[in-house]
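Derivation of every value follows stated rules applied to the coordinates shown; laboratory data play no part. A quick note: this is a predicted structure, and the numbers were derived from the prediction, not measured. When we count neighbours, we look across all protein chains shown, and the Cβ atoms used for this are built from the backbone with ideal geometry, even at glycine.
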Amino acid sequence: MRDTVAVEAINLVKTYPGASVRALDGVSVAFGAGTFNAVMGPSGSGKSTLLQCTAGLDRADSGRVLLAGQEISRLREPKLTEARRQRVGFVFQSYNLLDSLSVWHNVLLPQRLAGTRPDRRWAREVVRRVGLAGREKDQPSRLSGGQRQRVALARALAARPEVIFADEPTGALDLTSGREVLGLLREAVDDLGATIVMVTHDPTAAAWADRVVFLADGQIVTEMHRPAVESIAEQMTAVSAR
Ligand SMILES: Nc1ncnc2c1ncn2[C@@H]1O[C@H](COP(=O)(O)OP(=O)(O)OP(=O)(O)O)[C@@H](O)[C@H]1O
C-alpha cells in the first residue's frame with residue numbers, strides 16, 4: 001500500500017522583496033501521514049520560509065502546496081485561513097497562548113475560530129495525555145515554560161489537524177522540559193497518528209524524528225532516516241560548510 005502523504009511541497013520558489021537570493025530555490029518534499037519529520041539547515045537556509053509556505057501562512061512565488069491532496073497554494077483569502085484553521089496545527093517556540101484565557105479555552109480556541117464544534121471529550125483526552133489534567137482552569141501565566149508548550153501541543157492536537165508544524169518547539173525550554181515536549185511529540189505520532197513537521201537547530205531534538213531533511217541555500221541537499229544524534233550533528237557541520 002502506498003503511504004499517504006499529509007502535506008507536499010512541489011517546486012517551491014520564493015524570493016523576499018528586495019532580497020538578492022532565493023529563500024526557497026525549487027523545494028519539493030512530501031511528508032507522510034503519521035510521521036515525525038525534522039527540517040534542519042544553517043541559519044538563513046530557508047527552514048522557516050518552507051514551514052510558513054507549506055503551512056499556508058505565507059505564499060511562495062511559484063510552486064504548489066498540497067494539504068492532504070488539496071492544493072492550498074491556489075486558495076485565496078478567506079478560504080486559505082479557513083483551510084489552515086481547520087486542517088493545520090501549530091506549535092511555536094514562543095507558545096503563542098492567550099493569557100486572558102484559561103488552559104482549557106486556549107486548547108479549544110482554534111476550533112472556535114474555525115467555527116467547528118469542539119470535540120470536548122477528545123480535548124479532555126489530549127489535555128490528559130500531555131499531563132495537564134487538573135490544570136484546565138489555570139491561566140497560562142501560572143504555568144512553567146514546559147507546561148505552556150504542552151498546552152500548545154494539546155491545542156494543536158485537539159483539532160485533529162492533517163499536520164502539526166512545530167517551529168523550534170524546544171528553543172525556549174530547559175533540557176528536561178524540552179525532552180518531555182519531544183517525547184510528547186513522538187507519542188502524538190506513535191499513539192495518536194499525528195503528522196509533525198518540526199524546524200529545529202538542535203540535533204538532539206531532530207533525533208526524535210523519523211526523518212530529517214536538510215536545507216542549504218533554499219534547496220534540500222540531503223535527508224536521513226531515523227538518524228542518531230551524532231550523525232545529524234556531522235551532517236549539519238557538512239551542510240554548514242558548503
Ligand atoms: N521577511 C523577510 N524579508 C527579507 N528576507 C527574508 C525575510 N525572511 C527571511 N528572509 C531571508 O530568506 C532567507 C531564508 O530565511 P529563513 O528565515 O527561511 O531561514 P532559516 O533557515 O529559517 O533561518 P534561521 O535558522 O536563522 O531561522 C534568508 O536569506 C533570509 O535572510
ask   = Using θ = phi - 60° and the Karplus curve 6.51 cos²θ - 1.76 cosθ + 1.60, what whole-Hz ³J(HN,Hα) does each residue of the range 62-68 get, with Gly and Pro shown as x?
value = 8, x, 10, 10, 10, 10, 6
request  = Quick one: pull the percentage of alpha-carbon pairs in the range 96-209 with a separation above 23 Å.
outcome  = 23 percent
task = Compute the long axis of helix 175-192 from its Cα atoms, compare it with the longest principal axis of the Cα atoms of the chain, and write down the angle in degrees, 0 to 90, nearest 10.
result = 90 degrees
query = Amide H neighbours of F36 under 5 Å, counting only residues 5+ apart in sequence or on other chains, H built in-plane at 1.01 Å?
reply = I196, D210, R211
task = Please list the non-local residues whose amide H lies under 5 Å from the amide H of L215, H modeled 1.01 Å from N, same-chain partners needing a gap of 5 or more.
result = M40, G41, V221
task = Among DSSP beta bridges whose residues both lie in the chain, state the antiparallel percentage, nearest 5.
result = 55 percent
For the range 173-242, diffusion coefficient by Stokes-Einstein and Kirkwood Rh (Cα), 25 °C, 0.890 mPa s, µm²/s = 190 µm²/s
ask   = What list do you get for R85, R226 if you sort them by fewest beta carbons within 10 Å?
value = R226, R85
request  = Give the order of D119, D3 when sorted by the count of other beta carbons within 10 angstrom, beginning with the fewest.
outcome  = D3, D119
key: Compactness relative to 2.2 N^0.38 Å, alpha carbon Rg of the chain   = 0.98
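Note down the magnitude of the dipole of the chain about its Cα centre, charges +1 on Lys and Arg C-beta and -1 on Asp and Glu C-beta and zero elsewhere, to the nearest 20 debye.
940 debye
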request  = Once you've got the GNM for the chain with C-alpha springs shorter than 10 Å, pick whichever of R117, R64, R87 has the biggest mean-square fluctuation.
outcome  = R117
inquiry  = Between the range 1-66 and the range 129-178, how far is it from one alpha carbon centroid to the other, in angstrom?
reply    = 24 Å
query = With the dipole of the range 153-236 worked out from charges on the C-beta (+1 for Lys and Arg, -1 for Asp and Glu) around the Cα centre, which of V221, G178, I164 lies farthest toward the positive end?
reply = I164
task = Can you tell me the relative contact order of the range 1-157? Whole percent, Cα pairs under 8 Å, sequence separation 6 or more.
result = 20 percent
note = Taking r as the C-beta separation of A19 and D99 and R0 as 41 Å, the FRET efficiency to the nearest 0.05 is 0.70
task = Any chance you could give the angle, 0 to 90 degrees and rounded to 10, that helix 103-114 forms with the longest Cα principal axis of the chain?
result = 60 degrees
message = Only four residue types carry charge here, +1 at the Cβ of Lys and Arg and -1 at the Cβ of Asp and Glu. Report the dipole size of the range 118-242 about the Cα centre in Debye, rounded to the nearest 20.
response = 720 debye
request  = Could you list E71, E8 in order of exposure, starting from the residue whose Cβ has the fewest other Cβ atoms within 10 Å?
outcome  = E71, E8
